[in-house]
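Below is one structure, written out as structure tokens; comments come after it.
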Amino acid sequence: MTHALKSIQENWRGGKASLRFLLGTPAAMGRIALGAQVGRPARTPLESLFAKYLEDCRFEVIVEGEIPAAGTGCILSHNETSFADLAAYFVAIWPHVDRLAGADVYRHIPFARKACAKIDIELVARGNRRSTDPLVDRMVAAAKAGKRVGWGGEGRLSGRDGVGRFKVGGSIIAIRAKAPVIPVVIHGGHHAMQLGTVRARPSTIHVRFCKPVSTEHYEEADARDLANKLQQVVSENYTALSERQADVR
């Protein structure tokens with residue numbers, strides 16, 4: 001197969017999968033919003049949508065590391081390079097998250113606000129302290145109550161083959177809750193489907209749960225130091241996964 005033909009096939013595959021996902025998202029949100037179930041049982045339509053997207057793109061997700069058990073109050077802090085990583089998150093990490101912070105941009109999807117409220121996704125309005133401060137308080141209370149809280153380290157899809165600067169939001173929540181942070185590394189999405197494209201290269205996306213980072217000796221004024229430490233852990237593991245993948249190829 002020529003390089004040009006392979007590129008056409010991969011763009012066609014990814015474009016078709018992306019269009020199917022976009023068209024299916026309002027329907028999935030609607031089933032959640034209008035359904036009788038709440039909490040974890042209500043997640044099925046969205047989980048199935050992401051799983052189908054990964055299957056259509058021919059992305060395999062492999063999980064390694066120790067997954068935090070239910071009842072373990074903690075913050076799970078992850079990286080994301082592309083939409084492929086986001087899909088991997090919802091299939092491999094979300095099942096182990098009790099409450100998740102998501103970008104407020106998703107509120108524009110029909111039924112999203114009501115659906116997210118039913119499946120414990122908090123939409124974060126960037127730069128809006130008036131709404132963000134109460135949200136942080138709710139996340140702190142959730143972690144103290146033994147919930148596993150998901151909070152993106154970078155706060156966005158980075159679009160780069162690497163780990164960007166971690167924001168302090170998740171660190172503040174962890175310090176206030178006196179809960180450990182579990183760095184979670186997602187690797188492979190940048191190669192599978194780079195941000196801003198629909199080209200889907202058959203790939204493996206690795207998800208690694210790292211060892212918990214204690215917040216016992218941190219004060220809120222140390223939130224930047226903790227964020228830097230988490231970024232370093234994720235970056236080192238991302239590099240290790242990159243090197244391992246290069247050896248496989």
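Given 0.36 nm per residue, what is the gain on full extension from residue 107 to residue 236 after removing their alpha carbon distance, in nm? Each step should come with its number before you reach the end.
Numbers: separation 129, 0.36 × 129 = 46.44 nm, distance 3.39 nm.
So the extension gain works out to 43.1 nm.
State to the nearest 20 debye the size of the charge dipole of the chain about its Cα centre, where the only charges are +1 on K and R beta carbons and -1 on D and E beta carbons.
Once rounded to the nearest 20, the dipole reads 800 debye.
For 236, 122, what's the largest-to-smallest order of accessible area, 1.4 Å probe?
236, 122
Normalised by the residues of the stretch 31-164, what does the relative contact order come to in percent, with Cα pairs under 8 Å and at least six apart?
37
Taking amide H atoms as placed 1.01 Å from N in the peptide plane, list the residues 5 or more away in sequence, or in a different chain, whose amide H sits under 5 Å from that of residue 122.
100, 101, 102
Hey, quick one: spin label on residue 178, modelled 7 Å out along Cα-Cβ, who in the stretch 210-246 has an amide N within reach, i.e. under 14 Å?
215-220
I'd like the distance between the alpha-carbon centres of the stretch 171-196 and the stretch 96-115, rounded to an integer number of Å.
17
If the elastic network links every pair of Cα atoms under 10 Å, which of 69, 103, 192 fluctuates the most in the Gaussian network model of the chain?
For the chain, modelled as a Gaussian network with Cα springs under 10 Å, the answer is 69.
In whole percent, and with a 1.4 Å probe on the protein chains, what portion of the accessible area of the stretch 127-227 is carbon and sulfur?
Using a 1.4 Å probe with all protein chains present, the stretch 127-227 comes out at 49 percent carbon and sulfur.
Can you give the translational diffusion coefficient of the stretch 41-178 in µm²/s, computed by Stokes-Einstein from the Kirkwood radius over Cα pairs at 25 °C and 0.890 mPa s?
157
Hey, what did the stretch 1-90 get for relative contact order, percent, Cα under 8 Å, at least 6 apart?
Details: 37 pairs, mean separation 27.6, N = 90.
Dividing the mean separation by the residue count of the stretch 1-90 yields 31 percent.
GluC sites (Glu not before Pro), restricted to the stretch 1-74: which are DSSP loop and have at most 12 other Cβ atoms within 10 Å?
Sparse-neighbourhood loop GluC sites (Glu not before Pro): 66.
For the chain, would you read off the P(r) tail past 26 Å as a percentage of all alpha carbon pairs?
In whole percent, the share of Cα-Cα pairs in the chain beyond 26 Å is 39.
For the stretch 19-63, rounded, prolate or oblate, judged on the Cα gyration tensor with a ≥ b ≥ c (square roots of eigenvalues), a/c < 1.5 rounded, else prolate if a/b > b/c?
Oblate shape, in that a/c is at least 1.5 and b/c is the bigger or equal ratio.
Compute a Gaussian network model of the chain, connecting alpha carbons closer than 10 Å, and tell me which residue from 231, 37, 194 fluctuates the most.
Result for the chain, Cα springs under 10 Å: 37 fluctuates most.
Given the DSSP H assignment, sum -39500 (n - 2.57) over each helix run of at least 4 residues in the chain and divide by its residue total; what's the result at 222 nm in deg cm²/dmol, nearest 500? Don't jump to the answer; show the numbers that get you there.
Numbers: 8 runs with 114 residues, N = 249.
Value at 222 nm, helices only: -15000 deg cm²/dmol.
The values are calculated or read from the model by the stated rules, or taken from the named source; none is laboratory data. Note that the coordinates shown come from a computational prediction; the quantities given were computed from them, not determined experimentally. Every residue, glycine among them, receives a Cβ derived from its backbone with ideal geometry; neighbour counts consider all protein chains shown. Each accessible area value is taken on the protein alone, full model and side chains, heavy atoms only, with ligands, DNA and RNA left out. Shrake-Rupley method; radii C 1.70, N 1.55, O 1.52, S 1.80 Å.
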